[in-house]
1. Ordering A:ILE158, B:ILE311 by how much accessible area each has at a 1.4 Å probe, largest first, what is the list?
2. Distance between the C-alpha centers of region A:149-219 and region B:313-360? Whole Å please.
3. For B:VAL195, B:VAL212, give me the order by solvent-accessible area with a 1.4 Å probe, most accessible first, ignoring ligands, DNA and RNA.
4. Work the Kirkwood hydrodynamic radius out for region B:116-204: mean of 1/r over every pair of different alpha-carbon atoms, inverted, in Å.
5. For the protein assembly as shown, just say rounded, prolate or oblate: build the C-alpha gyration tensor, square-root its eigenvalues into a ≥ b ≥ c, call rounded for a/c under 1.5, and beyond that prolate if a/b exceeds b/c, oblate if not.
6. Counting only protein heavy atoms and rolling a 1.4 Å probe, how much accessible area do A and B lose on contact, total for both sides, in Å² to 100?
7. Short version: which residues of region A:45-59 lose at least 50 Å² of accessible area, all chains versus chain alone, 1.4 Å probe?
8. Over chain A, what is the relative contact order in percent, taking alpha-carbon pairs closer than 8 angstrom and at least six residues apart?
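The values are calculated or read from the model by the stated rules, or taken from the named source; none is laboratory data. Because the structure is a prediction, the values reported are computed rather than measured. As a convention, Cβ positions derive from the backbone with ideal geometry for all residues, glycine included, and neighbour counts pool all protein chains shown. Side chains included, ligands, DNA and RNA excluded: accessible areas come from the protein's heavy atoms. Shrake-Rupley method; radii C 1.70, N 1.55, O 1.52, S 1.80 Å.
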Amino acid sequence: MFLLQIENLHATAGGQEVLRGIDLEIGPGEVHAIMGPNGSGKSTLSYVLSGREGYEVTEGSVTFQGKDLLDMEANERANEGVFLAFQYPVEIPGVAGMTFLKEAFNAKLRYSGEPEANAMEFLKMVREKAKALSMSDEMLRRPVNVGFSGGEKKRNEILQMAVLEPMLSVLDETDSGLDIDALKVVSDGINALRSPDRSMLLITHYQRLLNHIEPDYVHVLANGRIQCSGSKELALELEANGYSGFEGEAA
Amino acid sequence: MANNDAKSQPFTALIEEATSRAPENTPSWLAELNMQAAKRYAQVGWPHARAEYWKYTNLNKLAAGAFALGDPAALAAVPRERILPLDGPQLLLVNGAFRSDLSDISDLPDGLSLRNLAETTEQDRAILGALIEETISADGLPFAAVNTAVLTDVLILEFAPGIATERPVHVISLGGGDGAAFAPRLVIRAGDGAVVDVVESHVGTGGYFADVVTQVSVARDARLGHYKMQNETLDAFHIALTTTEVAEGAVYDSFVLSTGARMARNEIRGTITGGKAEYRINGAYMGNGEQHLDNTTFVDHAAAGSRSREIYKGVLAGASRGVFQGKILVRPDAQQSDGFQMNRAMLLSNKAEVDSKPELEIYADDVRCSHGATVGELEEEQLFYLQTRGIERNLARRLLVSAYIDEAIDEVQNPAVKEAFKQMAAYWLSENLTRNIR
């Protein structure tokens, strides 16, 4: 059985059709990469999967662990195990990082009918995971993402992912704005979460990230549709030849 | 502003009721004070509809109300969940009268002299009377005149020079009953170098009218933390004036959390009379339904080299309305004054409204003064971000609004009081942001 099954997905944003029939199946433990030029619908796909308002699904279906994902609120999707790592993580003034993580963690426990976490044990767990991402305690005390550099924000996304342990992580342009060292830290964090039952969907413009996180499959998205799929070698081909061969094929 | 037809003014009957009390129950000085204030009220007059000072706060509903003097002997339960949760001595006023029998004064700090009306000194009486002169000022202050015209009791808190209190002295003003009008009158004096905190909680039951006056003075190098929780019923009217005088080297740290009343005006007027003083008046207002919450402040830099800082934040749900009027005056001699003022409001519904009116009036040339005002709403992007982390939309909304308001409450310098305010704000949020509003 697939973890995620997208069938003939059409979606509009601001009245414009952006996704024009996407089919994609992700099995447990698989890492898929979606590559494509700007405006191909990559970010729209991540928002439609995570339940952002302002995107309307006009046709098709998305099934996650046998459930209709599109029928759920954004927080339900998260608690079912779908995680979106944002391309531009949002600043939350006045809410300390640790508080934010605890609220998210407890929301998940509540959702599955479990008692809330022990505060001390939770603190210890988060500190360990933060340390692995070279994040200081001070960063956890600060309001979420406020005054963080681009690299710090991305590390913070991966920390949230590590704490919430999602079944499916959708990583939207996670490599953008990262220097080589930060890219290494972030990729190591992501790779540490790979497991036979957790899956990932990497959304990226460049092949660079895939040197660090090796995908099982690569798909090319252009004009709102997957134009071609292949193994990781496809990414290298794209790096050499660009997207020009795909962009011309308007629907 | 003057309205010469005194008979037609609201509260004229109330004042007559107060001033016609049997003379044997009223000391002659008080009868004289009441009478003087009644005359002033007749001169000052009820604010007319276009009065700039009351431009955003319509008094018609208050004027139309039928009020009689509240019974000071009325026994009512204190709604504990509505007062600031704090340890320490508690002084209870019922319909404006000090009730030692209901107060907890076993543990008053050494160096605090507490006096009610019967115990007032010559100086206390002079202070009470001095306000009548102020009521004739440009802004009128009719409600201070009414307060003085009907007052039957006062509470004087005089802190001796150099003393320091560990726990705040908590004054709880309890209003009782539909149609009750009453006039709590507090005088707070911090002597030279005293470091003290006074808290006011205003609560009650029914649709009453509280006309509150608090007169504060902070002497040389003293520090007074003065904090107010205004948490009346949704049928009550609350109009309060706090006057403050802050001397050289003194710190006045004030915070008002306004969550209650159908209509509330919390007005603070302050004069900085010496250099190196810190004048901090901050606050937050949280409204819902048809509530109208007005914060009006006036800071008078009358001496050189002092700082004033003022941060107010509001959260308005339903069809509630917030008003902020803040004026900073810097007199010609008040060089090197530093004034800062900010009002931020968050509207949680498209029927909520806020009016901000900052005003700087500066006659010195070497000063630093700034003001600002913002109006915003919850950011959809932030809500979505929290939701993608599994947090329910309503909880996400509460977290964001709570963070917004807590930032204002963080200005409170007393840690225990700061925590108490945060609890009250969280309580308001849990009571008022439960439904799915957008």
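1. B:ILE311, A:ILE158
2. Region A:149-219 and region B:313-360 have Cα centres spaced 45 Å from each other.
3. Listed by decreasing accessible area, they come as B:VAL195, B:VAL212.
4. With all distinct Cα pairs of region B:116-204 included, I get 14.8 Å.
5. Prolate is the answer for the protein assembly as shown, as a/c is 1.5 or above and a/b outweighs b/c.
6. The buried area between A and B, both sides summed, comes to about 2000 Å².
7. At a threshold of 50 Å² (probe 1.4 Å), the residues of region A:45-59 that become less exposed are A:ARG52, A:GLU53.
8. 28 percent
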